[in-house]
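See structure below.
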Amino acid sequence: MQPYFFPYAGYFQLMNTVDEFIVYDNIQYSKEGWINRNRILSNGKPCYFTVSLKKDSDFLDVRDRYISPEWKAGRKRALNKLIESYRRAPCFGSVYPMIESSFMSEEENLFEYIYNSLEHVRSFIGIRTSIVVSSSVAAEHNLKSADRVISICHARKADNYINPEGGLSLYDRDYFKGRGLKLNFLRSTGFTYPQYGNEFVPSLSIIDVLMFNSVEQIRAFLETAYEIF
């Protein structure tokens with residue numbers, strides 16, 4: 001999986017389901033994606049927050065990108081926005097210190113900064129799956145798309161690769177089968193919860209889920225509200 005800063009709940013659902021979770025550091029950064037941005041709830045509507053980056057080539061890998069000095073001020077504004085949006089949420093008091101610690105990390109490398117936040121959330125909600133950094137795997141990283149995934153799976157001696165259902169358009173079961181791998185997809189089957197009594201806004205950052213749900217409720221979602229096909 002690509003690294004994302006406080007991604008949506010389904011990301012952690014997949015992490016919780018697999019035996020080993022591979023997160024890419026040696027993958028090209030995409031400014032159009034969700035690597036360094038996400039959404040929270042503000043006044044009943046989705047609101048973006050973005051980790052600002054130093055200007056650099058658009059062709060660099062995530063591990064070669066660095067956070068802008070402007071983020072030191074930007075993260076404080078983002079945290080103030082979080083406080084404003086969620087201070088009345090039922091789990092704010094227990095969750096906010098973890099989120100603040102992640103935002104306030106002094107790590108300047110983009111991948112390490114995101115990796116740190118993923119570990120914080122993983123630990124907080126009790127996911128036992130280990131996170132493996134892709135560049136640490138002795139695979140053929142010059143390959144593209146499915147072939148690269150397959151090379152990593154072979155290097156880790158895996159026999160089953162599970163991807164979010166968005167990968168249906170990217171990966172072919174027969175192609176994987178021909179290379180000794182079973183390919184499955186994970187689909188979340190729905191997870192709604194009260195957001196101050198307003199109309200539910202789905203697919204927000206895990207921050208929103210954490211603010212309105214206990215760890216026990218989140219774990220129930222991680223372990224039951226999905227299907228593998």
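Things worth noting here:
- Residue in the range 98-116 that is out of contact with any Gly (no Cβ under 9 Å at 6 or more places or on another chain), closer than 14 Å to M1 by Cβ and either of a type in the set (A, V, I, L, M, F, W, C) or modelled with pLDDT under 95 (or both) present: yes
- Restricted to the range 192-211, and to residues there that are out of contact with any strand residue (DSSP E or B) (no Cβ under 9 Å at 6 or more places or on another chain) and touching a residue at least 24 places away in the same chain (Cβ under 8 Å), the residue that is surrounded by the fewest Cβ atoms within 10 Å (Cβ to Cβ) is E199.
- Filtered residues of the range 169-183 (kept if of a type outside the set (A, V, I, L, M, F, W, C) and buried (at least 16 other Cβ atoms within 10 Å of the Cβ)): Y171
- Only one of G126, G166, G93 that is in contact with a helix residue (DSSP H, G or I) (Cβ under 8 Å, 6 or more places away or on another chain) and surrounded by fewer than 17 Cβ atoms within 10 Å (Cβ to Cβ): G126
- Qualifying residue in the range 88-102 (condition: aliphatic (A, V, I, L, M), more than 19 Å from I35 (Cα to Cα) and part of a helix (DSSP H, G or I)): yes
The values are calculated or read from the model by the stated rules, or taken from the named source; none is laboratory data. Computed from a prediction, not measured in an experiment: that's the story for all the values here. Counting neighbours? That spans all protein chains shown, and the Cβs are built from the backbone with ideal geometry, glycine included.
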